[in-house]
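Below is one structure, written out as structure tokens, with a few remarks after it.
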Amino acid sequence: AQSVTQLGSHVSVSEGALVLLRCNYSSSVPPYLFWYVQYPNQGLQLLLKYTSAATLVKGINGFEAEFKKSETSFHLTKPSAHMSDAAEYFCAVSVNGNQFYFGTGTSLTVIP
Amino acid sequence: GAVVSQHPSWVICKSGTSVKIECRSLDFQATTMFWYRQFPKQSLMLMATSNEGSKATYEQGVEKDKFLINHASLTLSTLTVTSAHPEDSSFYICSARKSSGNTIYFGEGSWLTVV
């Protein structure tokens, strides 16, 4: 079975500060891991994905995530937050790349 | 990029009535589509997998007679919530897998409120 835990349903950072959104996963087989962003009234947009290649994955908008098997983590980071980064972020795990199991989401607020 | 559109984005219906939500892949063919729902402050939960031309596969605990899924064409899947009740109020979102390749695209989601 697969599952995802996102620690912190709300995260606030100052503009220009480091963004760190945490994600831990559970999977009985090597997983695919994803981070999605959802802006208000919009669909899910893929930020980045891990598919067993490089453990450090770079995505769009300056985000990146590192797959750490020993910690079963896939935390999302961005060195410098921008106001436009304020959104809901979802971590997801998939075994076959089709069916996704999502975390509960983390709402990111960027303070000017 | 590929676009998946859901309609309606927002719908309010009376308890006991049925409501249909459409999921369309606008610029690609999707052999497989997926339906999720999200209750407030909870995760998106997979409800069912919809395959074009065949019966949908439902996840455990999802009532197939209540949530009717039809995937009649390669660009359209519909979810019908039958005899809706207030507890069915939720955010429903679909995703579609391109027939060529393995990329998944998500729709914008549909907010259902049953009063």
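Quick notes
- Within region B:15-64, the residues that satisfy the criterion of being more than 10 Å from chain A (Cβ to nearest Cβ) and among the hydroxyl-bearing types (Ser, Thr, Tyr) are B:SER15, B:THR17, B:SER18, B:SER25, B:THR31, B:SER50, B:SER54, B:TYR58.
- Filter result for A:SER70 (within 14 Å of chain B (Cβ to nearest Cβ), free of Cβ contacts under 8 Å to residues at least 24 places away in the same chain and not in a strand (DSSP E or B)): no
- Qualifying residue in region A:78-91 (condition: within 29 Å of B:ALA56 (Cα to Cα) and more than 14 Å from every other protein chain (Cβ to nearest Cβ)): no
- B:ARG97, sole failed condition from (1) under 20 Å from A:LEU44 (Cα atoms); (2) at pLDDT 95 or above; (3) not hydroxyl-bearing (Ser, Thr, Tyr): (2)
- Residue match in region B:65-74 (condition: small (Gly, Ala, Ser), away from chain A (no Cβ under 14 Å) and in a strand (DSSP E or B)): yes
- Top-ranked residue in region A:35-54 [being in contact with a Phe, Trp or Tyr (Cβ under 7 Å, 6 or more places away or on another chain) and assigned to a loop (DSSP other than H, G, I, E, B); ranked as surrounded by the fewest Cβ atoms within 10 Å (Cβ to Cβ)]: A:THR51
- Qualifying residue in region A:9-31 (condition: under 23 Å from B:TRP35 (Cβ atoms) and in contact with a Phe, Trp or Tyr (Cβ under 8 Å, 6 or more places away or on another chain)): yes
- Residues that are out of contact with any Asp or Glu (no Cβ under 8 Å at 6 or more places or on another chain) and more than 26 Å from B:GLY109 (Cα to Cα) do not occur anywhere in region A:85-96.
- Whichever residue in region B:2-14 is more than 11 Å from B:GLY109 (Cβ to Cβ) and loosely packed, with under 13 Cβ neighbours inside 10 Å and, among such residues, is nearest to the other protein chains (Cβ to nearest Cβ): B:ILE12
- Scanning region B:99-113 for residues that are within 7 Å of another protein chain (Cβ to nearest Cβ) and touching a Cys at 6+ places or on another chain (Cβ under 9 Å), we see that the one that is nearest to B:ILE12 (Cα to Cα) is B:GLY109.
The values are calculated or read from the model by the stated rules, or taken from the named source; none is laboratory data. The structure presented is a predicted model; accordingly, all values stated were derived computationally and were not measured. Neighbour counts are summed over all protein chains in view; Cβ atoms, including those assigned to glycine, are modelled from backbone coordinates with ideal geometry.
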